[in-house]
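Scroll down for the structure; my scribbles are underneath it.
The values are calculated or read from the model by the stated rules, or taken from the named source; none is laboratory data. Note that the structure is a prediction, hence the values are computed from the model and not measured. Virtual Cβ from ideal backbone geometry, glycine too; neighbours counted across all protein chains shown. Side chains are part of the model used for accessible areas, which takes the heavy atoms of the whole protein and leaves out ligands, DNA and RNA. Shrake-Rupley method; radii C 1.70, N 1.55, O 1.52, S 1.80 Å.
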Amino acid sequence: MTYQEQLLKAIPGGAHTYSRGYDQYPSNAPQILKRGKGAYVYDENEKEFLDYGMALRAVCVGYADERINAAAIRQIENGNNLTRPSLIELQAAQTLIAAIDSVDMVKFTKNGSTATSAAVKLSRAYTGRTLIARCLEHPFFSYDDWFIGSTEVKRGIPQSSQDDTLIFHYNDITSLEALFDKHKDKIACVILEPSNLEHPRDNFLQNVRELCSKNGAVMILDEMITGFRWHIKGAQHYYGVTPDLCTFGKAMANGFSVAAVAGKREIMQLGSIEFAGSERVFLLSTTHGAEMSPLGAFVETYRILKEENIVDYLWDYGRRLVGGINQIAKDLGIEKHFVATGVECQPYILTFDEKGESSLAFRTLFLQEMLKHNVLFPCIAMSYAHKQKELDYTLEAVAKSLEVYKKALQNGVANYLVGDVVKPVFRKYN
């Protein structure tokens, strides 16, 4: 059996994250990876690929950084998981509190879904309300029912959970105002990313903050992706907004499993135990939530990010990459059909067919052609290990790939595409 067949036989979906599934990649993508180093990943035969997925944006310094690995190994040698709270657990908590202006307390866990669901639970407990307002344009908050019930993949989700989550739109403050007007005194929290595909406009985040305060709802900023990529103090600092609660993950530990729910003391302490006679909130209780090796990796990652000014480097690399890609498309006369855009520290590509319509087929073709030049390009997540050599090589691969893209615009994409077209993660049917 192929590795893909083995994966599908052993694991539902063939991977532990749907965005790693085979349906997200062209047919010539590696079916399985063995290791990563710096900006590169290697398949089972040690074939090298320049990687822009970077573990779904979780790696920001570079794969297998020796300093971060050593910090994790030191904690493994200390026992990795002890009977009482560990020294590194306290140090990691104090590190995040010092790093993020809005944070008074923090609770660590292993994945972003758990952290955002904990934030929702805290919000409901704090307000005594049930409803959740979540931003439609931000694609993923949690695998839990409160979020999945608001997507196309509703199977297995009780109707009551589906009804509890309301939708508003990013950079459209009137859509959120309408929810507060319709569901007066019933919305527990508003959850959104500070930014994803675009910057906030017209003081959008500040207006969300004002609406939440006015209506007694908790404002949750999900910084799983933006945290430690937009700014060392979070995108909330970059945009000048103060949430009640926030969540972090991904880049905070350079690929090690760390996520966090954090925020104001008056809300976070609802999950505490020292207040005699007060009704408790069973917030998070995870055996491995404060596992020592990932927390050691977080503390060291944060030190490196701060001391080496890595966030600014990622912004600069992104600007140069976007500018280079768009110049190539313009030189080929296909700038209306292939566009690099978005926030510079996390840009993305848009693919359009010969009619100017958004096209997954042309996206698949581009990814396929990049892989012919050993560039894995599922998204654009840079790391500090992406240097000038990698940028130059990437742009060379883009130029060659877009030559094929241009031919496909003229002669039909079916004449150049091999295998199936990539599919959306959130779709009702397989």
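Taking the DSSP beta bridges in the chain as the whole, what percent of them are antiparallel, to the nearest 5? If you can, show how the numbers build up before the last one.
Values: 22 of 41 bridges.
In the chain, DSSP labels about 55 percent of beta bridges as antiparallel.
Bin width 10 Å, alpha-carbon pairs only: give the P(r) of the range 171-309 as whole percents, running from 0 to the bin holding the largest distance.
For the range 171-309, the binned pair fractions read 11, 34, 33, 18, 3 percent.
Given the rule -39500 (n - 2.57) for each run of at least 4 DSSP H residues, summed and divided by the residues of the chain, what is its mean residue ellipticity at 222 nm, to the nearest 500 deg cm²/dmol?
Computed mean residue ellipticity for the chain: -12000 deg cm²/dmol.
Tell me, what is the Rg over Rh of the range 55-100, with Rh the Kirkwood radius over Cα pairs?
Here Rg/Rh amounts to 1.03.
Out of the total accessible area of the chain (probe 1.4 Å, heavy atoms of protein only), what percent is carbon and sulfur?
That fraction is 50 percent.
Calculate the length of the line joining the C-alpha centroid of the range 45-97 to that of the range 2-24, in whole Å.
25
Under 18 Å from the Cα of K110, which aspartates and glutamates turn up, not counting those fewer than eight places away in the same chain?
Cross-link targets: E89, D144, D222, E223, E291, E300.
Kirkwood Rh, the chain, all Cα pairs: how many Å?
22.8
If you wrap the range 273-389's Cα atoms in a convex hull and average its projection over all directions, what's the area in nm²?
On the way: hull surface 51.5 nm².
Reported value for the Cα convex hull: 12.9 nm².
Which Cα, out of A98, N374, S123, lies furthest along the positive dipole direction of the chain (beta carbon charges, K/R +1, D/E -1)?
The residue sitting farthest along the positive end of the dipole is S123.
Under 8 Å for C-alpha pairs, at least 6 residues apart: give me the relative contact order for the chain, rounded to a whole percent. Let's see the in-between values first.
Working: 784 pairs, mean separation 96.7, N = 430.
Relative contact order for the chain comes out at 22 percent.
For the chain, with every protein chain kept in place, what is the accessible area per residue (1.4 Å probe, Å²)?
Accessible area per residue, the chain: 46 Å².
Could you state the angle between the C-alpha long axis of helix 66-77 and the longest principal axis of the C-alpha atoms of the chain, as a value from 0 to 90 degrees rounded to the nearest 10?
That works out to roughly 40 degrees.
With labels modelled as points extended 7 Å from the Cα through the Cβ direction, what inter-label distance (nm, one decimal) is found for I73 paired with T287?
The two pseudo-label positions are separated by 2.7 nm.
Just tell me which aspartates and glutamates come within less than 15 Å, Cα to Cα, of K182; anything on the same chain fewer than 8 places away is out.
Partners found: D163, D164.
Are any of the pairs K306/K387; K250/K407; K121/K154; K250/K330 more than 28 Å apart by Cα-Cα distance, and if so, which?
On the way: K306/K387 19 Å; K250/K407 38 Å; K121/K154 21 Å; K250/K330 34 Å.
Over 28 Å apart, Cα to Cα: K250/K407; K250/K330.
Placing +1 at every Lys and Arg Cβ and -1 at every Asp and Glu Cβ, with all other atoms neutral, what dipole size does the range 293-430 have around its Cα centre, in debye to the nearest 20? Working shown, then result.
Values: 17 positive and 17 negative charges, 79 e Å.
Around 380 debye, computed over the range 293-430.
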